[in-house]
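The values are calculated or read from the model by the stated rules, or taken from the named source; none is laboratory data. Since the model is a prediction, treat every value here as computed from it, not as a measurement. Neighbour counts are summed over all protein chains in view; Cβ atoms, including those assigned to glycine, are modelled from backbone coordinates with ideal geometry. Note: accessible area is taken over every heavy atom of the protein model, side chains too, but ligands, DNA and RNA are not part of it. Shrake-Rupley method; radii C 1.70, N 1.55, O 1.52, S 1.80 Å.
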Amino acid sequence: MAMTPELRAQKIESYARHHDLLVDSLNEFPTEMWQFRDEHGCWSIHEHILHITDSEANSYIRCCRLIAEQGEPLMAYDENQWATALDYHDQSTEDALALFKWLRHKSYTLIKDLPEPVWAHSSFHPENGETTLDDWLDTYERHVPEHLEYMRQNLQAWHATRAPAAG
């Protein structure tokens with residue numbers, strides 16, 4: 001079901017604010033725990049930041065493709081393989097945040113004034129099936145808040161490892 005223009009406009013403006021949301025929220029996490037992974041091996045804060053940026057790069061290309069080449073397939077990628085093969089812990093979070101800011105702004109400027117019919121453009125995504133531009137917006141408007149929640153869970157796990165054992 002297509003999104004209403006009013007809801008879409010709200011999501012677009014929320015989407016536009018996510019770089020600031022991410023940067024402001026990073027203050028919740030002590031930098032000494034940015035490399036920490038819990039016992040389940042969930043990504044560290046550092047890895048989440050790099051993933052968000054790599055995801056945004058893929059998102060930008062998907063957005064452009066949905067606008068300009070509807071019907072052409074969208075690329076999937078193995079985010080865990082990227083984190084390992086691209087050695088996220090060796091990459092700069094400052095550079096990643098700067099790139100994320102630029103990519104998010106660029107996508108925002110592309111979508112903020114699109115005519116209504118473009119939002120119904122669709123293409124096939126190998127993991128998600130037929131995907132419209134509305135679906136794309138819905139996914140990426142949720143992406144940063146979802147990862148911030150994972151980061152908060154990581155912080156809780158980090159605090160738990162530092163708590164003195166009950167005796």
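A few points about this structure:
- Considering each residue of the range 135-155 in turn, at least one proves to be modelled with pLDDT of 95 or more, of a type outside the set (A, V, I, L, M, F, W, C) and touching a Ser or Thr at 6+ places or on another chain (Cβ under 6 Å).
- Candidates are the residues of the range 117-160 that are in contact (Cβ under 8 Å) with a residue 40 or more places away in the chain, of a type in the set (D, E, K, R) and out of contact with any Lys or Arg (no Cβ under 9 Å at 6 or more places or on another chain); the one that is least open to solvent (accessible area, probe 1.4 Å) is R152.
- Annotation: W102 fulfils all but one of (1) over 15 Å from the mean Cα position of the chain (by Cα); (2) surrounded by fewer than 18 Cβ atoms within 10 Å (Cβ to Cβ); the unmet one is (1).
- Residues of the range 105-116 classified as buried (at least 19 other Cβ atoms within 10 Å of the Cβ) and hydroxyl-bearing (S, T, Y), total: 1
- Residue check for E6: under 26 Å from D138 (Cβ atoms), part of a helix (DSSP H, G or I) and open to solvent by 70 Å² or more (accessible area, probe 1.4 Å): yes
- Listed by first and then second residue, the pairs linking a residue in the range 39-62 that is under 19 Å from D90 (Cβ atoms) and touching a residue at least 12 places away in the same chain (Cβ under 8 Å) to a residue that is aliphatic (A, V, I, L, M) and in a loop (DSSP other than H, G, I, E, B), with Cβ atoms under 9 Å apart and 6 or more places separating them unless they lie on different chains, are L50/L86; D54/L86.
- Tally of residues being closer than 30 Å to A120 by Cβ, at pLDDT below 95 and open to solvent by less than 50 Å² (accessible area, probe 1.4 Å) across the range 40-75: 0
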